[in-house]
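Accompanying notes for the structure given below.
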Amino acid sequence: MTISCQRNKFEIPEAITYLDCAYMSPLPRKTIAAGRAGLDKKAQPWTITGDDFFDLSERLRAQMADLTHANAADFALISSVSYGMAVIAKNLDLPKGSKILLLDRQFPSNVYPWRDLAARAGAEIIYLSPETGQSWTDAVLAAIDGETSLLALPQVHWIEGAELDLIAIGKKARANEALLVLDLTQSLGAVQFSVAAVDPDYFVVANYKWLLGPYSTGFLYAAPRHQGGQPLEQCWQSRFGSENFADLTQYTDQMADGARRYDMGERSNFALLPAVEASLAQLLEWGVDNIEHSLRDITKQLATIAAKHGLQPEITSPRAANYLSLKLPVNAPSDILQQARAASVYFSHRGDRLRITPHLWINQQDLHRFDQTLGSIF
Ligand SMILES: Cc1ncc(COP(=O)(O)O)c(C=O)c1O
């Protein structure tokens with residue numbers, strides 16, 4: 001189903017054309033209200049209850065389970081992708097001489113932990129890119145063999161917007177006993193993803209882009225087979241029975257069930273978590289299948305406009321519905337972003353690409369402004 005324009009749910013002035021969700025989403029009005037109410041609670045701490053410390057976190061885990069076809073107990077609350085990847089790297093023991101597969105120009109939070117782990121384990125990192133005629137998925141599938149110990153991949157390439165076939169990749173990884181770790185930051189909420197279908201070992205997501213949530217919040221998924229590991233921090237809240245504040249000094253080595261053991265310290269952020277909940281509720285109400293369908297429609301219209309001005313996606317893989325990544329011509333002016341901003345049009349420049357990433361707030365006026373702006377720059 002195509003979702004109609006949802007601009008009234010956001011605080012975006014009419015004069016702004018915001019095509020930069022892959023950089024940072026705006027917050028829905030309901031999310032802002034929920035966050036403000038949370039901050040107000042901290043101003044009156046006598047109103048903060050066990051619900052704020054524990055039940056709210058449980059509701060977020062359940063929302064993530066709904067969004068990804070997993071179980072609530074499989075989720076930890078974390079601050080960032082780098083935090084989640086650090087938890088994962090701490091718990092991996094890779095064989096010496098084995099291979100870690102990454103994509104070329106992958107986002108650094110999904111590269112640095114593996115460089116560190118590779119150095120410690122004596123493993124080798126291979127950066128993959130498609131050969132002529134190959135898709136990114138083909139390049140990954142061709143590289144997996146018996147020496148592969150880990151694939152650390154996104155669902156959508158953060159610069160090119162190419163989408164990987166994670167079901168096929170997961171299948172081949174499992175057949176070769178390689179671990180599959182995913183960074184879903186540039187896809188989850190906008191592109192369908194199913195734990196049940198892909199069966200990753202772990203995935204991590206930051207909330208502040210396609211999950212329409214606040215900064216400094218995210219989730220770590222750990223498959224049930226990886227729920228006996230070590231957390232990064234020894235948090236009191238991640239210990240069994242910590243709901244009972246009176247008995248916190250009855251120290252215990254028993255951890256909370258499932259992936260909760262990997263929660264970050266002070267995860268019960270009273271302002272941010274209600275905001276996360278409101279955004280996830282909105283996404284679940286729309287439905288990710290409908291969001292994906294609608295974004296594909298919007299990026300198609302933007303692609304048609306861009307093509308009129310000589311800008312092409314030049315992509316060797318299926319393009320993700322939420323992304324339009326345009327190859328810059330060699331003679332492109334150096335101040336494209338400044339010129340676009342002067343016209344109140346916002347998008348990103350990454351590598352040799354203009355990254356155009358809309359959401360459901362885009363209206364006809366935005367399409368018109370995008371057209372006019374590209375016309376005056378190119
Ligand atoms: C693919 C991807 N992963 C992760 C992040 C953010 O990482 P972190 O939460 O470690 O700051 C970004 C931000 O642009 C991103 O594009």
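The values are calculated or read from the model by the stated rules, or taken from the named source; none is laboratory data. The model shown is predicted, which means the values in this text are computed figures rather than measured ones. Don't worry about glycine lacking a Cβ; one is built from the backbone with ideal geometry, like all the others, and counts go over all protein chains shown.
The table for this structure:
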| item | result |
| --- | --- |
| Check on SER344, farther than 21 Å from ILE159 by Cα, surrounded by fewer than 22 Cβ atoms within 10 Å (Cβ to Cβ) and not assigned by TED's automatic domain parsing to the domain that holds THR137 | yes |
| Those residues of segment 347-376 which are surrounded by fewer than 19 Cβ atoms within 10 Å (Cβ to Cβ) and in a helix (DSSP H, G or I), in sequence order | GLN364, GLN365, LEU367, HIS368, ASP371, GLN372, GLY375, SER376 |
| Residue within segment 356-364 that is of a type in the set (Val, Ile, Thr), farther than 30 Å from LEU56 by Cα and modelled with pLDDT under 95 present | no |
| Index of the failed condition, ALA73 passing every other in (1) in a helix (DSSP H, G or I); (2) touching a helix residue (DSSP H, G or I) at 6+ places or on another chain (Cβ under 6 Å); (3) buried (at least 20 other Cβ atoms within 10 Å of the Cβ) | (3) |
| TRP136 vs. criteria aromatic (Phe, Trp, Tyr), over 18 Å from TYR202 (Cβ atoms), in contact (Cβ under 8 Å) with a residue 24 or more places away in the chain and touching a His at 6+ places or on another chain (Cβ under 7 Å) | yes |
| Tally of residues being away from the ligand (no atom under 16 Å from the Cβ) and farther than 18 Å from ALA320 by Cβ across segment 181-235 | 17 |
| Filter result for GLY84 (at pLDDT 95 or above, small (Gly, Ala, Ser), within 16 Å of the ligand (Cβ to nearest atom) and touching a Leu at 6+ places or on another chain (Cβ under 9 Å)) | yes |
| Which numbered condition GLY50 misses (of (1) surrounded by fewer than 21 Cβ atoms within 10 Å (Cβ to Cβ); (2) under 22 Å from PHE219 (Cα atoms); (3) away from the ligand (no atom under 14 Å from the Cβ); (4) at pLDDT 95 or above) | (4) |
| Qualifying positions in segment 182-192 - touching a strand residue (DSSP E or B) at 6+ places or on another chain (Cβ under 8 Å) and surrounded by fewer than 24 Cβ atoms within 10 Å (Cβ to Cβ) | VAL191 |
| Condition met for ILE159 (of a type in the set (Val, Ile, Thr) and within 16 Å of the ligand (Cβ to nearest atom)) | yes |
